[in-house]
Amino acid sequence: MTTTAIIGGLLVDGTGADPVPDSVVVIEDGRITFAGKKNGKAMPRADRVIEANGASVMPGLMDVHVHISLSAPSDLLKEMTARPVGEAAFEVANNLADTVAGGVTTIRTVSDLAHLDIAARNAIAQGKIVGPRIHPCGKGLTTTGGHGDIMPCWLCQSHGDISEMVDGPDAIRKAIRVQAKTGATWIKLFQTGGVVDPHGRIEAEEFMPDEFDTAVSTATTMGLPVAVHAHNKTAILRSIRAGCRSIEHGMHFDEECAEAAREHGTFLVPTLTVMDRIMVHGAQAGIADFMIANVRERTTKHHEYVKYAYDIGANIACGTDAGSLLTPHGSAGREVVQFVKCGLDPVQAIEVSTRNTAKLLKATDVGTVEEGMLGDVIVVEGDVVSNVRVLEVPGNMRHVLIAGQEVAAGGRAFRH
Ligand SMILES: [Zn+2]
């Protein structure tokens, strides 16, 4: 039996409870056996004691909108055509390391090249590389010319894309079966254009109603939850009513959407980080003006509706769009800060990004630091309640533990 004790930190356990100063967290054989106030707790004989004075102790962060085969370029097409799939695979290993270095212990991937996300999950499980827990979508499904159809026609045949181009119910059914066969545990659908599309089809939908219904009923019948990239209200409401589990981005998500989402238990994953990165760093990185304008025009409302959704009790989860434009892997701490910008307090923002995000994944033994949960715990330099921005800096992650095993420290992942 291996016992680790984390002593003296400010415990923010992810349940929304008041922070506990001078705390003790005990992890025995990968599971948490105690989390709470130090006094009164008879200390077990620990194999390892982690001093957490001056630090915060909290659940590992979660990011449910990640493209692990992309590396945060300023131009997605340029990155994807600049390297063969084999090189992308090595980048995936680096991106996984950056993910855990940023304090992120669980991710969901939402469309990746050549099923590299599934390969990564398997390689981590076999102990070949270091990385977070992964809930993979494999390739997203998009229509011909849809938002996920990034490569021009003359390249996608030879190179592949992060999505599968499918048109018509039969092709959609088959594509979902292929994703499941490959090992995907989620299905991602692209149902509208995006803020960065040169053709600007944010207002339109991509799958026809019969195609969309086929996709959702096939996935649901097979036990695969559906995540939908959707910006406009028609697409958002269609997704919610059809029983999809999460709405990705949702720049035009409003009161009506929030109420429908609450009624159906749908999660909003607003990916505030990628929007912020485009606004703050886009011009300098050479991102087209219309993309920056698209984001800027909608951001204030987007933030207001995230707060509205939170206040009425609709589900929100933490997803950054890591890997996509200018958004580094291991950025979930940035999303926590964005939730605070929307008006949540830091304890609420952490709860959304840990316990509530675990709920989206139906992951019942991660997301909080409580007795019985797996030991996915981070020790963060400073006080996350009075200065939540400490979470933005990977170097502040003093210790990152997955099931009690240290996988990263001080902003660097350990190599096997
Ligand atoms: Zn994305």
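Bear in mind these aren't lab numbers, they're just calculated from the coordinates by the rules spelled out. Just so it is clear, the model here is predicted, and its values are computed rather than measured. No Cβ is skipped: glycine too gets one built from the backbone with ideal geometry, and neighbour counts run over all protein chains shown.
Taking the DSSP beta bridges with both ends in the chain, the antiparallel portion is around 45 percent. Phi-derived couplings, Karplus 6.51 cos²θ - 1.76 cosθ + 1.60 at θ = phi - 60°, listed residue by residue for segment 343-348: x, 6, 7, x, 5, 5 Hz, with x used for Gly and Pro.
Note on Ser217 and Phe90: the model spin-label points, each 7 Å out from Cα along the C-beta direction, lie 4.8 nm apart. Footprinting exposure proxy ranking of Ser158, Ser111, Ser69, fewest other C-beta atoms within 10 angstrom first, gives Ser158, Ser69, Ser111.
Note on Ala171 and Arg241: with the Förster distance fixed at 22 Å, the Cβ-Cβ geometry gives a FRET efficiency of about 0.40. Relative to the longest principal axis of the Cα atoms of the chain, helix 289-312 runs at roughly 60 degrees.
Which links in Lys128/Lys362; Lys233/Lys307; Lys188/Lys341; Lys301/Lys341 stretch past 21 Å when you go from one Cα to the other?
Lys128/Lys362; Lys188/Lys341, as the Cα separations exceed 21 Å there.
A quarter of the convex hull surface defined by the alpha-carbon atoms of segment 61-360 gives 13.7 nm² as the mean projection.
Seen from Gly265, the other residues with C-beta closer than 15 Å to its C-beta sum to a net charge of +3, counting Lys and Arg as +1 and Asp and Glu as -1.
Exposed loop sites are taken as trypsin sites (Lys or Arg not before Pro) in a DSSP loop (any state but H, G, I, E or B) with at most 13 other beta carbon atoms within 10 Å; the longest stretch of the chain without one runs 129-361. Ordered by the count of other Cβ atoms within 10 Å of each Cβ, fewest first, Met222, Met291 give Met222, Met291. For segment 326-349 versus segment 22-52, the spacing of their alpha-carbon centroids is 28 Å. In a simple Cβ point-charge model (Lys, Arg +1; Asp, Glu -1; nothing else charged), segment 9-100 has a dipole of about 360 debye relative to its Cα centre. Counting other Cβ atoms within 10 Å as a rough exposure proxy, the listed residues Ser217, Ser23 run Ser217, Ser23 from fewest neighbours to most.
Mind checking the full-extension length gain between Asp75 and Glu297? Use 0.36 nm per residue of separation minus the Cα-Cα distance, one decimal, nm.
Values: separation 222, 0.36 × 222 = 79.92 nm, distance 2.13 nm.
Stretched out fully, the Asp75 to Glu297 stretch lengthens by 77.8 nm.
To the nearest ten degrees, helix 332-342 and the longest principal axis of the Cα atoms of the chain are 80 degrees apart.
For the chain, a crude dipole built from +1 on the beta carbon of Lys and Arg and -1 on the beta carbon of Asp and Glu, taken about the Cα centre, is about 820 debye to the nearest 20.
If R₀ is 25 angstrom, what is the calculated FRET efficiency for the pair Ile312 and Thr15, using the beta carbon separation as r and rounding to 0.05? Don't jump to the answer; show the numbers that get you there.
Working: r = 20 Å, r/R0 = 0.82.
For Ile312 and Thr15, the calculated efficiency is 0.75.
Can you tell me the 0 to 90 degree angle between the C-alpha axis of helix 116-125 and the longest principal axis of the chain, rounded to 10? Once rounded, the angle reads 20 degrees.
Just subtract the alpha-carbon distance of Lys341 and Gln284 from 0.36 nm times their residue separation and send over the number in nm, one decimal.
Numbers: separation 57, 0.36 × 57 = 20.52 nm, distance 2.32 nm.
Separation in residues times 0.36 nm, less the Cα-Cα distance, equals 18.2 nm.
Between Asp47 and Thr182, residue separation times 0.36 nm minus the direct Cα-Cα distance comes to 44.6 nm. Determine, from the Cβ-Cβ distance of Gln126 and His159 and an R0 of 22 Å, the FRET efficiency 1/(1 + (r/R0)^6), rounded to the nearest 0.05. In this case the efficiency is close to 0.20. Projecting the Cα atoms of Phe212, Pro169, Ile27 onto the charge dipole of the chain (Cβ charges, centred on the Cα centre) puts Ile27 farthest toward the positive pole.
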